[in-house]
Amino acid sequence: MALLRRSLKMVAVVLGVLVGLVAVAAASAFAYGHAESNRTTSLPEPTGPYAVGRVSYDWVDRSREETFTKKEGDKRALMVFVWYPAKKPEAGAKTAAYRPGKWGEERQKEYGNLSFLTQRLGAVRTHSFEDAPVAAAKGRYPVLVIEPGLGPLPTDYTTLAEDLTSHGYVVVASAPTYSSSPVVFPDGRVARSTPLGSFPNDENAPVTEAKIRKDEAAGVRLVEVWAQDASKPPASGSRRWVACCSPPPRS
């Protein structure tokens, strides 16, 4: 009996030590993950001679019904980011947020309980300057249009947009409302992806001819809307930007 008691005591001690080691390891991993998550990270520097300005606008096309929601009377509304060649900023000028305000907060929420293991978006530094004056080196700059697909937002392409802009291009990118998630409007409204704005959620379904036709039809329907987002000018009354000349007036 004495031997059994000593064995049980030894097992208890070993288990206690193991539990303690696991707790220490877990705490260390959490602390490391938290520190790395909050570590300031800068995006790659643009390689061209121009500084980069950025503005964002909400455009409403009142001639187009919103087809990605079932709410009657909805008009197609877009958040648009524009990067453009800018005058060299003064020393110490603050760069634009990678995911401004609620954009970053809402995306961070999507990571759930594991958000501490991901890069905190507020700690990512860009090379863009909000509302910076347009560079006067040229009267006009060529315009490139970026149209994100399912899921990504315009700011996900910040490095590409900044580098192109630094070489003298204006880059315009709209967030595909109800396809990308989340899209945040100036009034605080958050538009998340909807079934109508996404591909059918049946990735694990058997690949049949019917499924292929269904997916093709969904793709065509989505691309038609996105193409109009990128090519159709905003309706009368919406804010426009003549990209060649100056940032759009604020209203």
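The values are calculated or read from the model by the stated rules, or taken from the named source; none is laboratory data. Treat the numbers as computed from the prediction; the structure is a model and nothing was measured. No Cβ is skipped: glycine too gets one built from the backbone with ideal geometry, and neighbour counts run over all protein chains shown.
Scanning the range 141-149 turns up at least one residue that is of a type in the set (D, E), on the phi < 0 side of the Ramachandran plot and part of a loop (DSSP other than H, G, I, E, B).
Among the candidates R250, R213, the residue that is of a type outside the set (D, E) and modelled with pLDDT under 80 is uniquely R250. Pairs linking a residue in the range 43-60 that is of a type in the set (V, I, T) to a residue that is outside any strand (DSSP E or B) and buried (at least 20 other Cβ atoms within 10 Å of the Cβ), with Cβ atoms under 7 Å and 6 or more positions apart or on different chains, are T47/D163; T47/S166; V52/P46; V52/H127; V52/E162; V52/T165; V52/S166; V55/P247.
When the residues of the range 217-246 are narrowed to those that are modelled with pLDDT of 60 or more and of a type in the set (V, I, T), which ends up surrounded by the fewest Cβ atoms within 10 Å (Cβ to Cβ)? The extreme case among them is V220.
The listed residues are V143, V190, V207, V183, and the only one of them that is more than 20 Å from G101 (Cβ to Cβ), modelled with pLDDT of 85 or more and of a type in the set (A, V, I, L, M, F, W, C) turns out to be V143. Entry remark, the range 163-189: residues being part of a helix (DSSP H, G or I), surrounded by fewer than 24 Cβ atoms within 10 Å (Cβ to Cβ) and of a type outside the set (G, A, S) number 2 in total. When only residues in the range 148-162 that are out of contact with any strand residue (DSSP E or B) (no Cβ under 7 Å at 6 or more places or on another chain) and under 21 Å from F199 (Cα atoms) count, which is surrounded by the fewest Cβ atoms within 10 Å (Cβ to Cβ)? Restricting to residues being out of contact with any strand residue (DSSP E or B) (no Cβ under 7 Å at 6 or more places or on another chain) and under 21 Å from F199 (Cα atoms), the top hit is G149. Of the residues making up the range 124-140, just one is closer than 26 Å to R192 by Cα and either aromatic (F, W, Y) or in a loop (DSSP other than H, G, I, E, B) (or both), namely T126. When Y141 is evaluated against the numbered criteria (1) within 26 Å of F68 (Cβ to Cβ); (2) in contact with a Phe, Trp or Tyr (Cβ under 9 Å, 6 or more places away or on another chain); (3) of a type outside the set (A, V, I, L, M, F, W, C), which criterion, by number, is the only one it fails? Among (1) within 26 Å of F68 (Cβ to Cβ); (2) in contact with a Phe, Trp or Tyr (Cβ under 9 Å, 6 or more places away or on another chain); (3) of a type outside the set (A, V, I, L, M, F, W, C), the lone unmet condition for Y141 is (1). Looking only at residues in the range 95-112 that are assigned to a helix (DSSP H, G or I) and surrounded by fewer than 16 Cβ atoms within 10 Å (Cβ to Cβ), the one that is modelled with the highest pLDDT is K102.
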